[in-house]
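Student: Below you'll find the structure I mean.
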Amino acid sequence: MDTATVQSEFLQQLFAHRLLIPSGVDGLYGRGTWFERVVEGIDAAVQRIGAPDNAEALHFPPVVTQHNYQLSEHFKSFPDLVGVVRGFRGKDKDHLALVEKMERGEDWAANFGPTGVIMTPAACYPIYPTLKGTIPPEGKRVTVLSYCFRYEPSLDPARLQMFRQREHVRIGTPDDVREFAATWKARGEQLFKELSLDSWSDVANDPFFGRVGKMLAANQRDQGLKFELLVPITSREKPTACCSFNYHQDHFGHLFEIKLPTGEWAHTACVGFGLERTTLALFKTHGFDVEKWPATVRERLKL
Ligand code: ATP
Ligand code: ZN
């Protein structure tokens, strides 16, 4: 069976088992009772293995301000993925015109203007702007769970337009970041092993946009700045990243003016667990009925 068929059949099965609920738009789904229980189980398991870090837990709505979005320079690399929120600021007659356009089935997008709000592209984005200034000598550790939006409609259930990432973020020296990477790689591998997932790690690159993007991607790979824990959801030949580690060097430190006590820009890195993807990997591996999953896996997720 070809990749697209495997993916769309899996999606139909997830609908049939009420694990995902269709909305009429590819990549935007409701979550069923058991799907969500597994998501919560994975998140709790990640938080248990990360507990020794004592990271500060922050919570943000799944949007970033336009100001901070622009500072992040996300648009330079991923203009094709971003979602911009628009709003209506018209008067009565504009409202009437809008309703008429909608009723005639015409394009009404122009009747909505900018709100200054952008959908969060990755869970860690709202954190960096809050850290402006000099961080303590031991650096900072923050953890965040957020829905993220990426405009990548697909029939692959593992490529959603809205999905959650549990992230842990380290802000400090290059050495702090190296230690963080090694620790979380081992933790992630151990967790996936305990969940009886067939998983392996590999260096990776982000889907940078356009011709310049090809160079950025090659550079990211050469420097080993990104690695992923891969699990077969579609197939072993086309494995899916369920956990990604990104080392940003001093990119965000510089853009958001986060300094080490030495006066140098802080380095940052994050590890992100894709909660829906890991959930899908479990359903694919162990079947649609959680009650029939191996006891060790259920125990690990407290299901
Ligand atoms: P990919 O290369 O597969 O698009 P990514 O490497 O760009 O993913 P990151 O930006 O590093 O992913 O995001 C961290 C984690 O978020 C990934 O490991 C994955 O589990 C999850 N993730 C990313 N994109 C999606 C998506 N479209 N749908 C569901 N989960 C996603
Ligand atoms: Zn991140």
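The values are calculated or read from the model by the stated rules, or taken from the named source; none is laboratory data. In this text the structure is predicted, and so the values were computed from the model without any measurement. In this analysis, Cβ positions are derived from the backbone assuming ideal geometry, glycine residues included, and neighbour counts consider all displayed protein chains.
Student: Could you grab me the full set of residues in the stretch 264-275 that are away from ligand 1 (no atom under 16 Å from the Cβ) and either farther than 25 Å from GLY50 by Cβ or β-branched (Val, Ile, Thr) (or both)?
Tutor: To start, the set of residues in the stretch 264-275 that are away from ligand 1 (no atom under 16 Å from the Cβ) comprises 264-267.
Matches in the stretch 264-275: GLU264, TRP265.
Student: Of all the residues that make up the stretch 201-226, how many are in a strand (DSSP E or B) and at pLDDT below 95? Please lay out each step first, then the result.
Tutor: From the stretch 201-226, those in a strand (DSSP E or B) are 201-203, 226; that's our starting set.
Adding the requirement that they be at pLDDT below 95 leaves 202-203, 226.
Of the residues in the stretch 201-226, 3 are in a strand (DSSP E or B) and at pLDDT below 95.
Student: Please state which one of PHE60, PHE10, PHE75 is farther than 19 Å from TYR128 by Cβ and of a type in the set (Phe, Trp, Tyr). So that I can check it myself, show each step before the final result.
Tutor: Working: PHE60 fails: farther than 19 Å from TYR128 by Cβ; PHE75 fails: farther than 19 Å from TYR128 by Cβ.
The match here is PHE10.
Student: List the helices (runs of 4 or more DSSP H) that sit entirely inside the stretch 37-135 and contain at least 1 residues that are out of contact with any strand residue (DSSP E or B) (no Cβ under 8 Å at 6 or more places or on another chain) and among the hydroxyl-bearing types (Ser, Thr, Tyr).
Tutor: Those helices (runs of 4 or more DSSP H) span 74-77.
Student: Let me ask something else about it. Could you tell me which of the residues ARG159, ARG164 is in the same structural domain as PHE15 (by TED's automatic domain parsing) and in contact with a strand residue (DSSP E or B) (Cβ under 6 Å, 6 or more places away or on another chain)? Before the answer, list the steps.
Tutor: Working: ARG159 fails: in contact with a strand residue (DSSP E or B) (Cβ under 6 Å, 6 or more places away or on another chain).
The match here is ARG164.
Student: When the residues of the stretch 243-263 are narrowed to those that are touching a helix residue (DSSP H, G or I) at 6+ places or on another chain (Cβ under 7 Å) and within 15 Å of PHE180 (Cβ to Cβ), which ends up farthest from ligand 1 (Cβ to nearest atom)?
Tutor: PHE252
Student: Right, here's the next one. Confirm whether TYR151 is within 16 Å of ligand 1 (Cβ to nearest atom) and in contact with a Phe, Trp or Tyr (Cβ under 7 Å, 6 or more places away or on another chain).
Tutor: Working: within 16 Å of ligand 1 (Cβ to nearest atom): yes; in contact with a Phe, Trp or Tyr (Cβ under 7 Å, 6 or more places away or on another chain): no.
It is false that TYR151 is within 16 Å of ligand 1 (Cβ to nearest atom) and in contact with a Phe, Trp or Tyr (Cβ under 7 Å, 6 or more places away or on another chain).
Student: Separate question: Can you tell me which residue within the stretch 149-174, out of those that are charged (D, E, K, R) and within 16 Å of ligand 2 (Cβ to nearest atom), is farthest from the chain's Cα centre (by Cα)? Break it down into steps so the answer makes sense when it comes.
Tutor: Looking only at the stretch 149-174, we keep the residues that are charged (D, E, K, R), and these are 150, 152, 156, 159, 164, 166-167, 170.
This time we only want the ones that are within 16 Å of ligand 2 (Cβ to nearest atom), so: 150, 164, 166-167, 170.
Numbers: ARG150: 9, ARG164: 6, ARG166: 8, GLU167: 8, ARG170: 16 Å.
Checking each candidate, the answer is ARG170.
Here's the yes/no breakdown for (1) part of a strand (DSSP E or B); (2) surrounded by fewer than 13 Cβ atoms within 10 Å (Cβ to Cβ):
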position	(1), (2)
GLN190	no, yes
PHE252	no, no
VAL271	yes, no
THR279	no, no
GLU291	no, yes
THR296	no, yes
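Student: Out of THR240, THR234, THR173, THR183, which single residue is near ligand 1 (Cβ under 9 Å from one of its atoms) and not aliphatic (A, V, I, L, M)? Explain how you work it out, then say what you get.
Tutor: Details: THR234 fails: near ligand 1 (Cβ under 9 Å from one of its atoms); THR173 fails: near ligand 1 (Cβ under 9 Å from one of its atoms); THR183 fails: near ligand 1 (Cβ under 9 Å from one of its atoms).
After applying the criteria, what remains is THR240.
Student: Among LEU145, LEU131, LEU96, which is more than 16 Å from ligand 2 (Cβ to nearest atom) and of a type in the set (A, V, I, L, M)?
Tutor: It is LEU96.
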